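Engineer: Dropping the structure in here first, questions after.
The values are calculated or read from the model by the stated rules, or taken from the named source; none is laboratory data. On a predicted model such as this, the values are computed, not experimentally measured, just so you know. Glycine gets a Cβ as well: all are built from the backbone with ideal geometry, and neighbour counts include every protein chain shown. Only protein heavy atoms, including side chains, enter the accessible area calculation; ligands, DNA and RNA are left aside. Shrake-Rupley method; radii C 1.70, N 1.55, O 1.52, S 1.80 Å.
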Amino acid sequence: MNAEQPRLEGARIDVARAVTVSQARVEESGFFAKPTGRMLAALAGPDQLAQILQHNGWPGGDWEGIRSAEDLHEALAALREAGACTIVSADDELVALACPVTGSPPEVPAAVGVYAPRYRCDGSRQTELLARLRETADRVGQTLAELGSAGT
């Protein structure tokens with residue numbers, strides 16, 4: 001190609017939006033900004049929840065709508081009922097999903113989660129990912145149960 005030939009553009013990528021998930025962004029976010037954190041809090045007993053709050057502080061800006069202990073307990077009950085947590089980032093760039101690990105001992109609540117760029121994760125993709133997360137959570141729970149029974 002020489003300087004006199006016009007350049008033909010076959011495709012253009014808009015990099016103004018997240019193409020991948022930044023691990024640093026995830027790690028920098030607070031406990032209650034993460035779906036696994038919220039799910040773990042939902043699975044926690046009263047003493048465990050008190051420890052979570054003592055260690056991580058009140059959800060504050062990490063969980064919109066949580067202004068009182070009653071709000072928190074209602075939100076945690078809703079997560080337990082739903083069996084999953086979905087968070088879309090404030091900038092609409094990321095979607096984050098989590099499910100509880102079934103069969104994990106109550107003293108060791110567990111959750112599995114995944115992050116994805118929002119443009120790659122529409123409603124049907126979220127449904128598919130939640131189904132896969134539930135399958136993974138079930139397998140992890142089975143493994144924990146096997147390990148627990150092997151130790152007795």
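Engineer: Can you work out the accessible area per residue across region 18-122, with the rest of the protein chains kept in place, probe 1.4 Å, in square angstrom? Please list the in-between numbers first.
Structural biologist: Working: 5710 Å² over 105 residues.
Accessible area per residue, region 18-122: 54 Å².
Engineer: From the phi angles alone, apply the Karplus equation (6.51, -1.76, 1.60; θ = phi - 60°) to region 57-72 and give each ³J(HN,Hα) in whole Hz, x where the residue is Gly or Pro.
Structural biologist: With coefficients 6.51, -1.76 and 1.60, one gets x, 5, x, x, x, 7, 8, 4, x, 9, 10, 8, 4, 4, 4, 4 Hz.
Engineer: Order of 135-148, 108-121 by packing, highest average Cβ count within 10 Å first?
Structural biologist: The most tightly packed comes first, giving 108-121, 135-148.
Engineer: Something else: At a 1.4 Å probe radius, carbon and sulfur cover how many percent of the accessible area of region 83-152?
Structural biologist: Of the solvent-accessible surface of region 83-152, carbon and sulfur hold 55 percent.
Engineer: OK, next. Calculate the spin-label point distance for Ala50 paired with Ser89, positioning each point 7 Å from the Cα along the beta-carbon direction, and give it in nanometres.
Structural biologist: Modelled inter-label distance: 3.7 nm.
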